[in-house]
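What follows is a single structure, written as structure tokens, with notes after it.
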Amino acid sequence: MQSLALFPLQLVVFPGETLNLHIFEPRYRQLVADIEEEGLPFGVPTVIESRLRPIATEVTLVEVANRYPGGESDIRTKGGRVFHVDRFYREYPGKPYPGGEVSYLPVDENEEEELNQKIVQLLREIYSKLRIEREIKSVAEGFRTYEVGHHVGFTLEQEYLFLTLRDAAERQRFLLGHLQQVRPKVGDPLGIRARAELNGHFQDLKPPDF
């Protein structure tokens, strides 16, 4: 187990994902100051229906993009390793923000090209029908399933389940099955367009009251 500062949020972070956040609560302003000074990563566990879920993603600070006179800031981070929260502390020792003891988990990234070809083809078809202009990488360009986890109409619960699928083939089959269910529907009941066209703005999310 390793100790890690934690920033619980009502969202899922996938490995390799860029996450932009607006930081306004004093305890998390302190977290940003600490990680900026020490160069350490922190974790973003998912909270669903006021419950902290145990599988989470480590993130590293890429930059503090904006600083405001009142102490708030906009930060860019990047998702990294997946871990399990073994022990959660409402306050990290000596700090105002949460932390925990975590165990890092292996993730199979050896995705089958044939399955990814089907996923890319189906997703491009869905995007074309919905007139979504977001570009989808080809398999030759290095497409990976995590890249579209937020842009296919998953609920938060489905996004979390997707994160827990550490076997590559299982993850691919889950995504492909979802897209096959989406394709026959008329219109955009899952709000795929709005999710797919997110432009990297800084999310202003209120952290849960732990």
>> Considering just Cα atoms, how many Å³ per residue does the convex hull of region 1-62 enclose?
In response: 102
>> On a full-extension model of 0.36 nm per residue, what is the gain between E101 and F88, subtracting their alpha-carbon distance, rounded to one decimal in nm?
In response: 4.0 nm
>> Quick check for me: using +1 on Lys/Arg Cβ and -1 on Asp/Glu Cβ, what's the dipole size of the chain about its Cα centre, in debye to the nearest 20?
In response: 580
>> Give me the dipole magnitude in Debye, nearest 20, for region 90-168 about the Cα centre, with unit charges on the beta carbon: positive for Lys and Arg, negative for Asp and Glu.
In response: 400
> Lys/Arg Cβ at +1, Asp/Glu Cβ at -1, dipole of the chain taken about the Cα centre: which of T46, F83, T57 is farthest positive-ward?
Replying inline: T46
> In Å, what Rg and Dmax follow from the Cα atoms of the chain?
Replying inline: 17.8, 54
> For region 116-156, rounded, prolate or oblate, judged on the Cα gyration tensor with a ≥ b ≥ c (square roots of eigenvalues), a/c < 1.5 rounded, else prolate if a/b > b/c?
Replying inline: oblate
> What distance in nm separates the simple spin-label points at I48 and Q10, each placed 7 Å from Cα in the Cβ direction?
Replying inline: 1.4
> Do any of K95/K206; K78/K137; K137/K206 go past 30 Å between their Cα atoms, and which?
Replying inline: K137/K206
> Which one of Y146, I35, Q121 is farthest out on the positive end of the charge dipole of the chain, using unit charges on Cβ (Lys, Arg +1; Asp, Glu -1) and the Cα centre as origin?
Replying inline: Q121
> Which net charge results for the neighbourhood of A169, defined as the other residues with beta-carbon distances under 14 angstrom from its beta-carbon, given Lys and Arg at +1 and Asp and Glu at -1?
Replying inline: -3
>> Under 8 Å for C-alpha pairs, at least 6 residues apart: give me the relative contact order for the chain, rounded to a whole percent.
In response: 26
> What is the list of residues in region 109-134 whose amide nitrogen lies under 17 Å from a point 7 angstrom out from the Cα of E170, following Cα to Cβ?
Replying inline: 109-112
> Which Cα, out of L156, Y104, P8, lies furthest along the positive dipole direction of the chain (beta carbon charges, K/R +1, D/E -1)?
Replying inline: L156
> Which whole-number percent of Cα pairs in region 30-103 have a distance greater than 20 Å?
Replying inline: 35
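Read the figures in this text as sums done on the coordinates, not as results from a lab. Small disclaimer: the values here were computed from a predicted structure and weren't measured. Neighbour counts are summed over all protein chains in view; Cβ atoms, including those assigned to glycine, are modelled from backbone coordinates with ideal geometry.
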